[in-house]
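The values are calculated or read from the model by the stated rules, or taken from the named source; none is laboratory data. Model, not experiment: these values are computed from the prediction. Cβ atoms come from the backbone with ideal geometry, glycine included; neighbour counts cover every protein chain shown. These area figures cover heavy atoms from the full protein model, side chains too; ligands, DNA and RNA do not enter into them. Shrake-Rupley method; radii C 1.70, N 1.55, O 1.52, S 1.80 Å.
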Amino acid sequence: MTDRQEARPTTRTTADVVDAVGPRLRALRQRRDVTLAALAVETGISVSTLSRLESGQRKPTLELLLPLARAYQVPLDDLVGAPRTGDPRVHLQPERHGDRVVVPLTRRTGGVRSFKQLFPAHSPGGEPDLRTHEGWEWLYVLSGRLRLLLGERDLDLGPGEVVEFDTHTPHWIGNVTDQVTEVLCLYGPQGERAHVRT
């Protein structure tokens, strides 16, 4: 077998593509911090159907995927993981989460995922609302300053500073300065920790 043959990606079957839709939908919903109940209200799809769709017990159909694509404001191709055609370069699609701009740096649905986040000045507005969810998070400040409320702690992070924490701990992340803050974020499943080597 030549190097060229070894480098060729394995062709995915239709069944493989369909089987990957559920985990992709669950990961997208969790990344957006949306509950099944809230998603059901927005899409008109019942909670039980959404749950079965995410677990793979219900096959995805256009009638189910189109409202979800609208709710998440993503192309249908992103929900089904359709292969890109034509230009082979990776095109990162920024997403808007409230005031923040989030650029996904990985396309995987499980394991550790990475994002670049841009926090506009004084965002999010209003009183900090500390939340919890499944997972483990790492934040690295690229530029600007970031405020992290983590349980009882109030941390002011500057460029080059890193923090990691269990997202079961109530937390709030924001920019309280007059400048845009740029952050690299790694988000992983519960129990997955960073392994630092020097």
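Mind grabbing the accessible area of VAL41 for me, 1.4 Å probe, Å², rounded to tens?
That residue has around 130 Å² of solvent-accessible surface.
Please list 3J(HN,Hα) in residue order for segment 158-173, calculated via the Karplus relation 6.51 cos²θ - 1.76 cosθ + 1.60 where θ = phi - 60°; whole Hz, with x for glycine and proline.
Going residue by residue, I get x, x, x, 8, 10, 9, 10, 7, 7, 6, 6, 6, x, 8, 8, 10 Hz, with x marking Gly and Pro.
Quick one: accessible surface of LEU36, probe radius 1.4 Å, all protein chains present, in square angstrom to the nearest 10.
The accessible area of LEU36 comes to roughly 40 Å².
Estimate the FRET efficiency between ASP178 and ALA20 by the formula 1/(1 + (r/R0)^6), using the beta-carbon distance for r and 45 Å for R0, to the nearest 0.05. Let's see the in-between values first.
On the way: r = 43 Å, r/R0 = 0.95.
Computed FRET efficiency for ASP178 and ALA20 comes out at 0.55.
Calculate the spin-label point distance for LEU149 paired with GLN93, positioning each point 7 Å from the Cα along the beta-carbon direction, and give it in nanometres.
3.4 nm
Taking 8 Å as the Cα distance limit and 6 or more residues as the minimum spacing, I'd like the relative contact order of segment 96-182 as a percentage.
It rounds to 34 percent for segment 96-182.
Taking all protein chains together and a probe of 1.4 Å, list ARG113, ARG100, ARG70 from the most accessible to the least accessible.
Numbers: ARG113 15, ARG100 70, ARG70 165 Å².
Order by accessible area, largest first: ARG70, ARG100, ARG113.
First select every other residue whose beta carbon is under 12 angstrom from the beta carbon of GLU95; then total the charges, Lys and Arg +1, Asp and Glu -1. If you can, show how the numbers build up before the last one.
Numbers: positive: ARG31, ARG32, ARG96, ARG100, LYS116; negative: ASP78.
With Lys, Arg at +1 and Asp, Glu at -1, the neighbours total +4.
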